[in-house]
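Note sheet for the following structure.
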Amino acid sequence: MILKLIQIILYILLVIIPMLYFLHLLKRESLFYKCLVVLIALFSGNGIWLKFYFHPNSLLFEYFVIATQVQLWFLYILFLIIVLYRFLFTFIRHKPFRKGHILIIILTITLTASGFTEHYMKRRHHYDVTINKQSSMKNLKLCVVSDFHIGTGSYLKTVDNFVNRVNSEHYDAILMVGDIFDENTPDALIPQCLKSFSHLKSTYGTYAIAGNHEYYRKNTNFLNDLNKYHIHYLRNQYVEVDGKFNIVGFNDHTSHDHYNINQVIANMNKSLPTITLDHNPDRYKKYHAFTDLQLSGHTHNGQIFPGNIFMNLYFDYSYGQHQYGHEDIIVTSGMGSWGFPFRLGTQAEYCDINLQFSKK
């Protein structure tokens, strides 16, 4: 119900309001131009409905959807810039520049291209973390990935490229912290991507938890198959890795799992360095007593400016590295994007963490 409401709001904001505004600007023009505006708006709006309601595993279909979304964002950004431009010159009571429309078009193209480029340009974000616990290891090199949202501009080729890149960097462990798939991922694409993920290589293996969007799917049976693809699925449980460190994984609260945190970690050796995986960063205080490092995603760092400002106001820790007492918290903006393969003012990334240990 919430997702449908979001889809309707997006359609109104991105299609209906700009269309009505452009019709207002063209009120003195012929019927031809008004009909053209309506047709363009309806075509670009198809990108929303096709994306949310049809999920065939077809690259041709996806290319068509992306093309409509590029047009949609171009028109929406154009709408925002024109509104701002006209408001600015009304406010300062000065005539608009003679060739201002050229500047508007250039700026619109630049922002549209930048938004889609930031989604497809996957970056590696490095962090250094020191845990004040003794360990037989000098350091631990972790790869952390979240919010792939496979099916929204990210497909099997994207996964293959990620696997090859990560394998070339020789990690000790690979941690997947939710929303790798979502409600828009084609069913046939899931096993293909899992097979590709199964080729990830690291010293201690790959570990995963589920995010909220995995549970927005009608069928979540694929989560039970993760172990078949050499991915250790942690559903509100911990694992002691080679007697050297703990990984505790909790499903997102949208799973409606009922568990007691103290029971989950009852037999865990708390003297070992402990890493906690939770898709949503807002439960960090509940893990403080036993966690040395919490890894989360979910926020996308707002994905589209000024979303990062709102995320920062809503969450205590919405992005980056933070310290809460002895506990380090790292929130990644995610490898992909939700809804549209579009980012503005944020980046698509995975995390490279150098974890070191030192006795107090």
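Structure values in brief
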| item | result |
| --- | --- |
| Selection count, the range 137-149, where residues are over 14 Å from Tyr120 (Cα atoms) and either open to solvent by 30 Å² or more (accessible area, probe 1.4 Å) or assigned to a loop (DSSP other than H, G, I, E, B) (or both) | 5 |
| Considering residues of the range 77-136 that are small (Gly, Ala, Ser) and without any contact (Cβ under 8 Å) to a residue 60 or more places away in the chain only, the residue most open to solvent (accessible area, probe 1.4 Å) | Ala113 |
| Flag for Gly243 being under 24 Å from the mean Cα position of the chain (by Cα) and among the small types (Gly, Ala, Ser) | no |
| Selection from the range 191-219 of residues that are open to solvent by 40 Å² or more (accessible area, probe 1.4 Å) and β-branched (Val, Ile, Thr) | Thr203 |
| Filter result (closer than 20 Å to Gly320 by Cα and acidic (Asp, Glu)) within the range 253-288 | Asp278, Asp282 |
| Lone unmet requirement of (1) part of a helix (DSSP H, G or I); (2) touching a residue at least 60 places away in the same chain (Cβ under 8 Å) for Ile6 | (2) |
| Single residue of Asp278, Asp292 found to be open to solvent by less than 40 Å² (accessible area, probe 1.4 Å), modelled with pLDDT of 95 or more, closer than 30 Å to Leu10 by Cβ and among the charged types (D, E, K, R) | Asp278 |
| Members of the range 1-20 found to be surrounded by 15 or more Cβ atoms within 10 Å (Cβ to Cβ) and touching a Phe, Trp or Tyr at 6+ places or on another chain (Cβ under 7 Å), listed by number | Gln7, Leu14, Pro18 |
| Selection status of Tyr287, of a type in the set (Ser, Thr, Tyr) and open to solvent by 10 Å² or more (accessible area, probe 1.4 Å) | no |
| Scan of the range 242-271 for residues that are open to solvent by less than 20 Å² (accessible area, probe 1.4 Å) and farther than 17 Å from Tyr215 by Cα, ordered by number | Phe245, Asn246, Ile247, Val248, Ile265, Met268 |
| Within the range 249-283, considering residues that are assigned to a strand (DSSP E or B) and aliphatic (A, V, I, L, M), the one farthest from Thr220 (Cα to Cα) | Ile275 |
| Residues located in the range 14-58, provided they are among the aliphatic types (A, V, I, L, M), over 24 Å from His101 (Cβ atoms) and touching a residue at least 40 places away in the same chain (Cβ under 8 Å) | Ile48 |
| Hits in the range 150-175 - residues which are among the β-branched types (Val, Ile, Thr) and outside any helix (DSSP H, G or I) | Ile150, Thr152, Ile174 |
| Odd one out for Ala188, checked against (1) in contact (Cβ under 8 Å) with a residue 60 or more places away in the chain; (2) among the aliphatic types (A, V, I, L, M); (3) surrounded by 18 or more Cβ atoms within 10 Å (Cβ to Cβ) | (3) |
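Yes/no matrix, rows are residues, columns are (1) charged (D, E, K, R); (2) closer than 17 Å to Val177 by Cβ:
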site: Arg217; (1), (2): yes, no
site: Asn221; (1), (2): no, no
site: Asn224; (1), (2): no, no
site: Ile231; (1), (2): no, yes
site: Val239; (1), (2): no, yes
site: Gly249; (1), (2): no, yes
site: Asp252; (1), (2): yes, yes
site: Asn262; (1), (2): no, no
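The values are calculated or read from the model by the stated rules, or taken from the named source; none is laboratory data. On a predicted model such as this, the values are computed, not experimentally measured, just so you know. Here Cβ is always computed from backbone atoms with ideal geometry, including for glycine, and neighbour counts include all displayed protein chains. Surface areas here come from the heavy atoms of the whole protein model, side chains and all, with no ligands, DNA or RNA. Shrake-Rupley method; radii C 1.70, N 1.55, O 1.52, S 1.80 Å.
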